[in-house]
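Below is one structure, written out as structure tokens; the observations come after it.
The values are calculated or read from the model by the stated rules, or taken from the named source; none is laboratory data. Fair warning: this is a prediction, and the values are worked out from it, not measured in the lab. Here Cβ is always computed from backbone atoms with ideal geometry, including for glycine, and neighbour counts include all displayed protein chains.
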Amino acid sequence: RAKRNDSGFMLFNSSMDSHTKMQLQLESELRVALAEHQFELYYQAKVATASEQIVGCEALIRWHHPTKGLIEPDKFLEVLESIGLILPVGAWSLREVCEQMRQWREQGLPVQRVGVNLSMRQFLQPDLLVLIDQVLVETQIPADLLELEITESVAMSNANLTIDTLIALKQRGIYISIDDFGTGYSSLSYLKRFPIDAVKIDRSFIQDLEHESDDAAAIVTATIRLAHAMNLSVVAEGVENALQRDFLMKYGCDVLQGYYYSKPVSADEFATMLMRGHYH
Ligand code: C2E
Ligand code: CA
Ligand code: CA
Ligand code: CA
């Protein structure tokens, strides 16, 4: 096992396997990344299905590694979570999104709602509301421009706590989406207990539409129907082609997000889209 010496540096032991060494290396690089501002948020447009106009976006974290280039979150989020760094990084994301909205508003851009992903730990953290209130006051961003995306599995992990937190967020006017919908075990009727605004149908179902999967089509259409019956907006993520778009349009999905419209882009590129009012 690794030991720390007095100054806190890791002492590598030659018998340590290379996987452990790589893990420790990654951990220490992630601490540096936070301290040295190597994280950046990218923004992916969400468009209204009927008009194909931008109605908002989702912020997605990237890591500018000093030698390896741009790294996507699947490669480091789990490690951030396991070493407890997800809380400071998550707080950074929230603040950065609101600060970015503040700048866009100052530049006179027509800013719409921006979604931030919340990790399990972040959502369960008692100080979450304090942080959000602080950030909203600091940046003077109206709460209804902020969207929080919480995965279905996080929401379901402790339903009573979730309801309390969601009520407090809703009271502030924050928009709430259930992410990766359909991958957990909750039924939509159970979700009825949650004061939420939208569900995001998981990319895997949207991908399967392309392969003419009857199951995926049935899940997608049933989700849209039931969500609408509960007055929830429905977002499809991972829309990559016109076939998927046409299907989702036909069944009344409200909002589309995916490479078909735009990949996640830098804040400057997204500002250009906002200025043009279009995702090109
Ligand atoms: P997610 O919230 O489900 O985000 C959607 C993911 O799908 C993003 O991956 C996005 O780049 C990707 N995507 C969007 N459109 C398409 C498409 O048409 N086709 C395909 N194949 N993929 C598409 P990304 O950026 O790698 O993020 C992965 C996950 O990392 C996110 O999944 C989210 O759970 C998490 N994440 C990202 N940023 C943050 C953050 O700031 N905080 C936290 N806690 N989690 C984050
Ligand atoms: Ca998301
Ligand atoms: Ca997802
Ligand atoms: Ca996901």
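Could you tell me whether any residue of the stretch 236-244 is among the β-branched types (Val, Ile, Thr), closer than 16 Å to residue 49 by Cβ, touching a residue at least 40 places away in the same chain (Cβ under 8 Å) and in contact with a strand residue (DSSP E or B) (Cβ under 6 Å, 6 or more places away or on another chain)?
no
Quick check on the stretch 189-228: of everything there that is acidic (Asp, Glu) and within 16 Å of ligand 2 (Cβ to nearest atom), which residue is nearest to residue 242 (Cα to Cα)?
Top of the filtered list is 202.
If the requirement is being touching a helix residue (DSSP H, G or I) at 6+ places or on another chain (Cβ under 7 Å), under 25 Å from residue 89 (Cα atoms), away from ligand 3 (no atom under 16 Å from the Cβ) and not aliphatic (A, V, I, L, M), which of these qualifies: 134, 122?
That would be 122, the only listed residue that is touching a helix residue (DSSP H, G or I) at 6+ places or on another chain (Cβ under 7 Å), under 25 Å from residue 89 (Cα atoms), away from ligand 3 (no atom under 16 Å from the Cβ) and not aliphatic (A, V, I, L, M).
Suppose we filter 107, 100, 140, 122 for residues that are crowded, with 20+ Cβ neighbours inside 10 Å, polar (S, T, N, Q), farther than 16 Å from residue 177 by Cα and out of contact with any Cys (no Cβ under 6 Å at 6 or more places or on another chain); which single one remains?
Answer to the selection: 100.
Here is a yes/no grid of residues against (1) more than 19 Å from the chain's Cα centre (by Cα); (2) of a type in the set (D, E, K, R); (3) within 25 Å of residue 178 (Cβ to Cβ):
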| site | (1), (2), (3) |
| --- | --- |
| 224 | yes, no, yes |
| 232 | no, no, yes |
| 244 | yes, no, yes |
| 255 | no, no, yes |
| 263 | no, yes, yes |
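Looking at 180, 197, 164, 208 in this structure, which one is modelled with pLDDT of 95 or more and either β-branched (Val, Ile, Thr) or within 22 Å of the chain's Cα centre (by Cα) (or both)?
197
Return the only residue of 114, 135, 130, 199 being over 27 Å from residue 220 (Cβ atoms), of a type outside the set (D, E, K, R) and within 16 Å of ligand 1 (Cβ to nearest atom).
Going through 114, 135, 130, 199 in turn, the sole match is 135.
For the stretch 223-280, how many residues meet the condition of being among the polar types (S, T, N, Q), buried (at least 20 other Cβ atoms within 10 Å of the Cβ) and not in a loop (DSSP other than H, G, I, E, B)?
Counting residues in the stretch 223-280 that are among the polar types (S, T, N, Q), buried (at least 20 other Cβ atoms within 10 Å of the Cβ) and not in a loop (DSSP other than H, G, I, E, B) gives 2.
Which of the following residues is under 13 Å from residue 270 (Cα atoms), of a type in the set (Val, Ile, Thr) and modelled with pLDDT of 95 or more: 61, 86, 54, 71?
Within the list 61, 86, 54, 71, the selection yields 54.
Does residue 146 meet the test of being out of contact with any Cys (no Cβ under 9 Å at 6 or more places or on another chain) and among the hydrophobic types (A, V, I, L, M, F, W, C)?
Taking the combined requirement at face value, the residue does not satisfy it.
Which count do you get for residues in the stretch 157-168 that are in contact with a helix residue (DSSP H, G or I) (Cβ under 9 Å, 6 or more places away or on another chain) and either within 16 Å of residue 122 (Cβ to Cβ) or not in a helix (DSSP H, G or I) (or both)?
Result for the stretch 157-168: 7.
Checking the condition in a loop (DSSP other than H, G, I, E, B), buried (at least 21 other Cβ atoms within 10 Å of the Cβ) and within 16 Å of ligand 3 (Cβ to nearest atom), which residue from 176, 196, 206, 150 passes?
Criteria check complete, one pass: 196.
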